[in-house]
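First comes the structure, then the notes that go with it.
The values are calculated or read from the model by the stated rules, or taken from the named source; none is laboratory data. Remember, predicted model here, so these are calculated numbers, not experimental data. Cβ sites come from the backbone with ideal geometry, for glycine too, and all protein chains shown count toward neighbours.
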Amino acid sequence: MVYDLAQLVHQLDLAPVTIVSHSMGGNVSLRYAGAFPEQVRKLVAIEGLGPSPKLRQEMLKPPYPERVRDWVEKKRDAAARLPRRYATMEDAIARMHEANRFLSHEQAIHLTIHGVNRNEDGTFTWKFDPYLNLWPAEQTSAEDEQQSWAAITCPTLLMYGAESWASNPEKDGRIAPFRNAEVVVVDKAGHWLHHDQYPTFMRHLREFL
């Protein structure tokens, strides 16, 4: 994914770019900005630093062969997974609300309309890659990640939801390698804080940009 981003910027001659990114996209953009610091003007990463130091330690506890075996099994499970079908758009909207209690009804409708495919039988399924949430057996070391963050030269905004599972880098120490970064925590928001508190998110974004 870093290669895809690098080629997009390179082939379309977009640099220096301003990047606003979320979760895995934030992780990709942070890696890109560390490898090509001269190409990035400003960077916003919403919960993009990956697992906290505590969670990383838990993930690396099993022996490496066991982690590889577990990863293979999960890949097989993902390949065999059948997408859940919703009889109506209203059912899918209700599921969107169930998964994120902070969304307004209008937001849930918007995200659902753009987040589903209609099947031949009239039912709806999510546009979702079942492989996306599989943590790889091979992970970038904490040291390499920190080197990448330390190489970023542009102003960087790291945003977190106060009620998210993600760990605040100011509290877990991951802010230390950054040269020019600030952390903003948004109340009454989870991992999808840019949806959960959209006006607040946009205010911080505009101020930063």
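Taken together, the criteria exclude GLU98 from residues that are closer than 24 Å to ALA176 by Cβ and surrounded by fewer than 11 Cβ atoms within 10 Å (Cβ to Cβ). Scanning segment 126-175 for residues that are closer than 20 Å to THR200 by Cβ and hydrophobic (A, V, I, L, M, F, W, C) returns LEU157, LEU158, MET159, ALA162, TRP165, ALA166.
Candidates in segment 182-209 are the residues that are of a type outside the set (Lys, Arg) and exposed (fewer than 15 other Cβ atoms within 10 Å of the Cβ); of these, the one that is farthest from ALA162 (Cα to Cα) is LEU209.
Rundown of residues vs (1) in the same structural domain as ASP187 (by TED's automatic domain parsing); (2) on the phi < 0 side of the Ramachandran plot; (3) basic (Lys, Arg), yes/no style:
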| site | (1), (2), (3) |
| --- | --- |
| LEU12 | yes, yes, no |
| MET24 | yes, yes, no |
| PRO37 | yes, yes, no |
| ALA45 | yes, yes, no |
| GLN57 | no, yes, no |
| LYS61 | no, yes, yes |
| ARG67 | no, yes, yes |
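Quick grid of which residues meet (1) closer than 24 Å to LEU49 by Cα; (2) at pLDDT 95 or above:
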{"position": "GLU90", "(1), (2)": "no, yes"}
{"position": "HIS97", "(1), (2)": "no, no"}
{"position": "GLU106", "(1), (2)": "no, no"}
{"position": "ILE152", "(1), (2)": "yes, yes"}
{"position": "LEU157", "(1), (2)": "yes, yes"}
{"position": "PRO169", "(1), (2)": "yes, yes"}
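Scanning segment 108-147 for residues that are of a type in the set (S, T, N, Q) and at pLDDT below 95, which turns out farthest from ARG76 (Cα to Cα)?
The selected residue is SER141.
Out of ASP144, ASP121, ASP129, which single residue is closer than 27 Å to LYS42 by Cα, surrounded by fewer than 15 Cβ atoms within 10 Å (Cβ to Cβ) and either in the same structural domain as ASN27 (by TED's automatic domain parsing) or acidic (Asp, Glu) (or both)? If you could, list the steps in order and put the result at the bottom.
Working: ASP121 fails: closer than 27 Å to LYS42 by Cα; ASP129 fails: closer than 27 Å to LYS42 by Cα.
The match here is ASP144.
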